[in-house]
Amino acid sequence: MWMSKTRNKKSTKSVAEVVARKNGLTRRRLGLEIGDRVRIIDISSDLKDPSHDLKDAEHREMRTAELFRFCVGRVFTIYGFGRYGHVELEVSKSPAVRRKFGLSTIWMEPEFLKRVRKRKTKKKVLSS
């Protein structure tokens, strides 16, 4: 005999959905929006290790950890948010970063950022 199990739709949330919701709440709690200027105040512990980029050829070529370490303390504009709440920063807008690393975009957890200025809002002109 064949039986089909019916599941409660509310209990079938995937881990990804739960993580995305949690990170979205973190972003709202921190008040981050596209266009805000943020300072990178910290990076994850594995990227702090100077030998992180020496693991294999791909890591040496990309220099990811070196880029993150170089960006700590610098200010960048938020260009977007990822599905899991990561913040998109176009770090190559900084001349120093572009000179050293070329064109680069990084994705950071919002808890490693501190907002230094809200996005500029356009003033609406009222016509009479």
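Just so you know, all these numbers are worked out from the coordinates, no wet-lab data involved. Fair warning: this is a prediction, and the values are worked out from it, not measured in the lab. Neighbour counts run over all protein chains shown; Cβ positions are idealised from the backbone, glycine included.
Tell me the Kirkwood hydrodynamic radius of segment 34-117 in angstroms, computed as one over the mean inverse distance between distinct C-alpha pairs.
On the way: mean 1/r = 0.0763 Å⁻¹.
Mean inverse Cα-Cα distance, inverted, gives 13.1 Å.
Is there a pair in K93/K118; K93/K114; K48/K120; K48/K93 whose C-alpha atoms are over 21 Å apart, and which pairs would that be?
Over 21 Å apart, Cα to Cα: K48/K120; K48/K93.
What's the FRET efficiency of E58 with R117 using the Cβ-Cβ distance as r and R₀ = 35 Å, to the nearest 0.05?
0.45
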